[in-house]
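Here is the structure we will look at.
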Amino acid sequence: MSWFLEPALFAAAVGLVTGAGVPELIARIPEPEPVEAVVRDSADASVEVPHEESGDGPGVAAGGPPADPAEDAPPPEEPKELYVDIAAAPGLRWKAAVTTAVVAGLAAARVGWAPALTFVLFLAPVGVALAVVDWRTRLLPTKVIGPSYVVVALLAALCALSDGDPHRLLRAGLGWLVAGGTFFLLWFVYPRGMGYGDVRLSGLLGISLGYLGWPQLLTGVYAAFLVGGVGGLLLSLLRIVDRKAYPFGPFMLVGGLVGVLVGPYVGAWYA
């Protein structure tokens, strides 16, 4: 019994500490540059088009009578919630700490005292932070996912060296291609149905699950869509989320955890 209880308790204790730092991690994420500023900065300031020629003056339609700005203007979007405001949400610290401890403990109970436990200890607080941010903003910040790729890739190399099994590193790379490629294809076919942040996150999960094994990887990817579809439907029926636009990142992370926990059983069943 101690083969899974001891690493689970250890990882839960570490997760309790690292999860308490999730608000600080969120608060340090740089705010994305407003779209208006990007468009304005990319324009050539040396070229000026008179309003009479361009037809873009306020309230004037090209070649026609004055238009009502309120009628033609698109509905205003709600401004994105600031990361510092998300980090300051009441109760976030203890909720993140408990969630990270539970996630880390469950995953460690399956992984055990293996080098791959380092994946669990790193991704548990990072995953909780990403889930919180995506749930509140429907954005998965590259400033968090990008550096995490470097850390996870280094961990995969070190763990493969420690395990003495280079095939695990190869499988981690293939996991990145399988998961990342699947989500990229879905984004490419229908970009309005999935954000590119989900594509980035899928590759990160693909490396970690691929290192653990093919059953964990395939189960995790399938579970992400299953949990996302069923969970999104239930939450939309309860009017908690908009069924046409709800964050998929949290469901991907839950699917990844399901892959770690259930993947070996699924693989054994198929075998």
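Please go through region 93-112 and pick out each residue that is hydrophobic (A, V, I, L, M, F, W, C) and open to solvent by less than 40 Å² (accessible area, probe 1.4 Å).
96, 97, 101, 104, 107, 108, 109, 111
Within region 10-31, residues that are touching a residue at least 24 places away in the same chain (Cβ under 8 Å) and over 19 Å from residue 80 (Cα atoms) sit with their Cβ atoms under 9 Å from residues that are outside any helix (DSSP H, G or I) and not β-branched (Val, Ile, Thr), at 6+ positions apart or across chains, in these pairs: 10/113. For residue 90, indicate whether it is modelled with pLDDT under 90 and open to solvent by 40 Å² or more (accessible area, probe 1.4 Å). Spelling it out, it is not the case that residue 90 is modelled with pLDDT under 90 and open to solvent by 40 Å² or more (accessible area, probe 1.4 Å). When residue 162 is tested against (1) more than 19 Å from residue 258 (Cβ to Cβ); (2) small (Gly, Ala, Ser); (3) open to solvent by less than 70 Å² (accessible area, probe 1.4 Å), exactly one condition is not met: (3). When region 220-247 is limited to residues that are assigned to a loop (DSSP other than H, G, I, E, B) and open to solvent by 30 Å² or more (accessible area, probe 1.4 Å), the one that is nearest to residue 125 (Cα to Cα) turns out to be 246.
Table: residues versus (1) farther than 27 Å from residue 30 by Cα; (2) open to solvent by 20 Å² or more (accessible area, probe 1.4 Å); (3) out of contact with any strand residue (DSSP E or B) (no Cβ under 8 Å at 6 or more places or on another chain).
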site: 114; (1), (2), (3): yes, yes, yes
site: 136; (1), (2), (3): no, yes, yes
site: 143; (1), (2), (3): no, yes, yes
site: 149; (1), (2), (3): no, yes, yes
site: 152; (1), (2), (3): no, no, yes
site: 192; (1), (2), (3): no, yes, yes
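Only one entry in 128, 132 is within 18 Å of residue 31 (Cα to Cα), modelled with pLDDT of 95 or more, surrounded by 22 or more Cβ atoms within 10 Å (Cβ to Cβ) and not polar (S, T, N, Q), namely 132.
Number of residues in region 65-87 that are at pLDDT below 65 and under 22 Å from residue 123 (Cα atoms) equals 0.
Within region 248-271, restricting attention to residues that are over 23 Å from residue 102 (Cα atoms) and of a type outside the set (Ser, Thr, Tyr), the residue that is least open to solvent (accessible area, probe 1.4 Å) is 267.
The values are calculated or read from the model by the stated rules, or taken from the named source; none is laboratory data. Keep in mind that this is a model prediction, so the values were computed, not measured. Here Cβ is always computed from backbone atoms with ideal geometry, including for glycine, and neighbour counts include all displayed protein chains. Accessible surface is based on the protein model in full, side chains and every heavy atom, while ligands, DNA and RNA are left aside. Shrake-Rupley method; radii C 1.70, N 1.55, O 1.52, S 1.80 Å.
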